[in-house]
Amino acid sequence: MNPEQNYPVKNNQTYSRREFTKLLLGGSALSLSALTYLNAAVYQSITSLNQKFIKDEAPDGIYWDAIRDHFLFQNGLIMMNNGTVGPMPKSVYNTLINTFKIQATNPFDFYNYFPKKKEEVRRKLALFINASPEEVAITRNTTEGMNFVANGLDLKPGDEVLMSSLEHPGGIHPWKLKEKRTGIIVKEVQIGVPPKNVNEIVNAFKNAITPKTKVISISHTVYITGLIAPIKELSELAHENGILLVADSAHGLGMLKLNMEELGADFFTSSPYKWLGAPTGRGLLYVKKEVQDTLWPTIATSGWDKYENAKRFETLGQRADPLTFALGEALDFQTRIGQDRIERRIKTLAAYLRQELNKISGIRLHVPVDPYLSGGLTAFSIKGIEPKKIVNYLMEKYNIVIRTIGRARDNTAGVRISTHIFTSFTHVDMVIEGIKHLASHR
Ligand SMILES: Cc1ncc(COP(=O)(O)O)c(C=O)c1O
């Protein structure tokens, strides 16, 4: 474009490109400041609640009722299946819609201004997981992140990849594809449903390691049971043996306080639309600085061979940027509440649910009760009752959404319940009442 070109605007005035850009940015800046104003009310309310409730109130009450009001639930819907797709807070929805509006009404402004804002989101995301922005690639979801890792590592025919028996298809198939294409060997390590303790899991992997093992690829947040795998201990085991560790933490962002330095994984993937309140379409791929040179980018346009950081794994051309800004807003929302407080609330609700389920005859929990090995997902079964019947009953009687999960062949068939910050103890009590009814009418 010719920088000297003049741009005609109304009233027969002409503007230089710079003036024109400034003018347009003024319009979007107005929309953005209206948005900031809209969302500021949400954040002011959370800040004043935080000041009032320095310690958590227990069990339910003003604090968590107010947080629930910041979500956009349809009347009466009680969402207890966060694990598939979670709801968005209003502030995230506002950002999403308003930035799409700017794109729709003023694309010029959009493509000039928003790429800079994207780096802010990367920084927020890095801070949120205690990593460096250099280690954060913004992908579309966990599946994409897992594929980028499996596809991008140089492995030879015969090299072995260990994965657990409880992986999600999004974590299994990238390796299966590579196995078929390149002759690597994918091996499955059995994990108990539920495992007794950390050592049981670590020892199962230790016993499966051979001189050919190059990668351990494991779910951090096991979708099928609710187990939180001991990534820190598994990373230590992997590194003692010169092996890379890939963690599939699809549910981790927004459920657990994540700390990449502490967990020690080499690669870590997540889907923030589940527990963080972000829209679908944005994901996290963390690539530890020290291993970035071992990974080839899968998708390339300019930048793949220039960026000296994780940005080289996301050179994808134009993207749906409003999704990225909404992700930034979701990070702001949870940061205001506090990651410690969120994890504590989620685990307190889950502990209460499991304690009450354990009192009912015929129930088998598939998730460990140890809070180190579990989070907000609780999978279980009732002897003699079809999982689908449980899901239907809770929906029909209470308008509660849960889901069926698992498969008969490895004893994981059952249902899965999510307890998030918008869940109340009253909701858990409704679940328990429903389950007691079903268990006593077998
Ligand atoms: C453990 C695990 N990994 C991967 C995925 C795939 O996530 P996505 O569809 O966001 O890529 C899921 C989805 O539920 C999951 O639970």
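A short reminder: the numbers here are calculations on the coordinates, not readings from a lab. Just so it is clear, the model here is predicted, and its values are computed rather than measured. Quick reminder, even Gly has a Cβ in these numbers, built from the backbone with ideal geometry, and neighbours come from all protein chains shown.
Summary table
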read-out: Under the span-like rule (Cα at least 27 Å along the axis, Kyte-Doolittle mean at least -0.5), DSSP H helices of the chain; value: 17-52
read-out: Segment 265-334: GluC sites (Glu not before Pro) in DSSP loop, at most 10 other beta carbons within 10 Å; value: E308
read-out: Residue-count net charge about N411 - beta-carbon cut-off 14 Å; Lys, Arg +1, Asp, Glu -1; value: +3
read-out: For segment 312-427, convex hull of alpha carbons as volume per residue, Å³; value: 185
read-out: Residue order, fewest to most beta carbons within 10 Å, for R341, R122; value: R341, R122
read-out: Mean separation of Cα contacts under 8 Å, 6 or more apart, over the residue count of segment 145-196: relative contact order %; value: 45
read-out: Difference of contour (0.36 nm per residue) and Cα-Cα distance, K383 to L72; value: 108.4 nm
read-out: Full-extension gain in nm, D429 to N203, via 0.36 nm per residue minus C-alpha separation; value: 77.6 nm
read-out: Percent RCO, i.e. relative contact order, over the chain, from Cα pairs under 8 Å lying at least 6 residues apart; value: 20
read-out: Translational diffusion coefficient (Stokes-Einstein; Kirkwood radius from C-alpha pairs) of the chain at 4 °C, 1.567 mPa s, in µm²/s; value: 55
